[in-house]
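Chemist: Next up is a structure, given as structure tokens.
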Amino acid sequence: MNRTIANIIIDIIAAFLFLGMIATGYLLHFPLPPGSNKTLSLWGYTRHQWGEVHFWISLGLLVVLLVHLVLHWNWIVTVIGKRCHLVKTAHPSLVRSGILTASVVILMITLFAWAAQISVKETARPMRGRHWGQISQINESLVTAPVQSSISQENVEFWQDVYPIFENYCLSCHGPQKHLANFRVDRSEDFFGSNGRDPLILPGQSSISPLIAIVSGTRKDMSMAAVHKLSERNIALLKAWIDSGAEWTAKTGVKK
């Protein structure tokens, strides 16, 4: 095959693979954000499966780029060698430079793989939602203490105890980037009724607030009811907050 035609074919394949990486990267970041693998799918593929597609496309792009380098190796060695004053002859050894470059690349890949392997650590406890690298600001005693039948309403603070529940378990599907059912947990009006929507929270009445039925897994007329079920501790916190008046205070200097 003519060298020029081969270069054109390689460039076209590389362009399609590059677009494939952009497309799958977009799918993994926006339509299927972190934490949605068990709840969402796109065209029959879950987030995990799309991640596999993304990996194989990137691997294919790497192979094509290596072929591209091989086809242009003579030019690469000559130009870079002369500019760096590493080549003193008119016809440098392509085999020797190729072996040297391959050895350096293999060494770098090996060191990277080794560093990644030894740096893997087990997290103290599993986390869900978008903020994989952040630890919730829920008080540690509330995480480790036994579940109680009731929680004192006076001890529940919205930004410290309630909002982290929404942030860790709901924000990935009902947040700024992805808001299924046109509902967002970071907007108070979505809970208390807006645009003709029935309120999910009835202040002072947790027993009849639709939100409690949803997070308790007892509302069967909605899709993926079991997915929305929270722990008894989190449900108790939400009930205490609602019964205390469900005050959604302005956030002032309190970290999420």
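Chemist: From the list Leu61, Leu27, which residue is in contact with a strand residue (DSSP E or B) (Cβ under 7 Å, 6 or more places away or on another chain), among the aliphatic types (A, V, I, L, M) and at pLDDT 90 or above?
Modeler: Working: Leu61 fails: in contact with a strand residue (DSSP E or B) (Cβ under 7 Å, 6 or more places away or on another chain).
Within the list Leu61, Leu27, the selection yields Leu27.
Chemist: Across segment 12-40, which residue is farthest from Cys170 (Cα to Cα) among those that are buried (at least 16 other Cβ atoms within 10 Å of the Cβ) and among the polar types (S, T, N, Q)?
Modeler: Here the residue is Thr24.
Chemist: List the residue pairs whose Cβ atoms are under 8 Å apart, where the first residue sits in segment 78-105 and is outside the structural domain of Leu65 (by TED's automatic domain parsing) and of a type in the set (Val, Ile, Thr), the second is at pLDDT 70 or above and assigned to a helix (DSSP H, G or I), and the two are 6 or more positions apart or on different chains.
Modeler: Partner pairs satisfying both residue conditions: Val87/Val77; Val87/Thr78; Val87/Gly81.
Chemist: Look at Lys88 and say whether it is loosely packed, with under 10 Cβ neighbours inside 10 Å, modelled with pLDDT under 85, over 30 Å from the mean Cα position of the chain (by Cα) and of a type in the set (Lys, Arg). Don't jump to the end; show me each part of the working.
Modeler: Details: loosely packed, with under 10 Cβ neighbours inside 10 Å: yes; modelled with pLDDT under 85: yes; over 30 Å from the mean Cα position of the chain (by Cα): yes; of a type in the set (Lys, Arg): yes.
Yes: the conditions hold for Lys88.
Chemist: Could you please give the count of residues in segment 202-256 that are part of a loop (DSSP other than H, G, I, E, B) and under 27 Å from Leu40 (Cα atoms)? Let's see the steps before the verdict.
Modeler: Initial filter on segment 202-256 (part of a loop (DSSP other than H, G, I, E, B)): 202-205, 209, 216-225, 229-231, 244-256.
After this cut, where a residue has to be under 27 Å from Leu40 (Cα atoms) as well, the list is 209, 216-225, 229-231, 256.
Of the residues in segment 202-256, 15 are part of a loop (DSSP other than H, G, I, E, B) and under 27 Å from Leu40 (Cα atoms).
Chemist: Within segment 151-171, is even one residue loosely packed, with under 15 Cβ neighbours inside 10 Å, at pLDDT below 85 and hydrophobic (A, V, I, L, M, F, W, C)?
Modeler: no
Chemist: Just checking, does segment 182-189 include any residue being touching a Pro at 6+ places or on another chain (Cβ under 6 Å) and surrounded by 12 or more Cβ atoms within 10 Å (Cβ to Cβ)?
Modeler: Taking segment 182-189 first, the residues touching a Pro at 6+ places or on another chain (Cβ under 6 Å) are none.
No, the conditions are met nowhere in segment 182-189.
Chemist: Pick from segment 191-243 the residues that are buried (at least 19 other Cβ atoms within 10 Å of the Cβ) and among the hydroxyl-bearing types (Ser, Thr, Tyr): which of them is nearest to Leu171 (Cα to Cα)?
Modeler: Ser209
Chemist: Something else now. I'd like to check something: does segment 215-225 contain any residue that is of a type outside the set (Ser, Thr, Tyr) and modelled with pLDDT of 90 or more?
Modeler: Residues of segment 215-225 that are of a type outside the set (Ser, Thr, Tyr), as a first pass: 215, 217, 219-222, 224-225.
Those left that are additionally modelled with pLDDT of 90 or more: 215.
Yes: segment 215-225 contains one or more residues that are of a type outside the set (Ser, Thr, Tyr) and modelled with pLDDT of 90 or more.
Chemist: Among Met127, Met108, which is closer than 19 Å to Leu230 by Cβ and either at pLDDT 80 or above or surrounded by 12 or more Cβ atoms within 10 Å (Cβ to Cβ) (or both)?
Modeler: None of the other options fit; the residue is Met127.
The values are calculated or read from the model by the stated rules, or taken from the named source; none is laboratory data. Predicted, not measured: the structure shown is a model, and the values here were computed from it. Because the Cβ atoms are built from the backbone with ideal geometry, glycine has one as well, and the counts that use them run over all protein chains shown.
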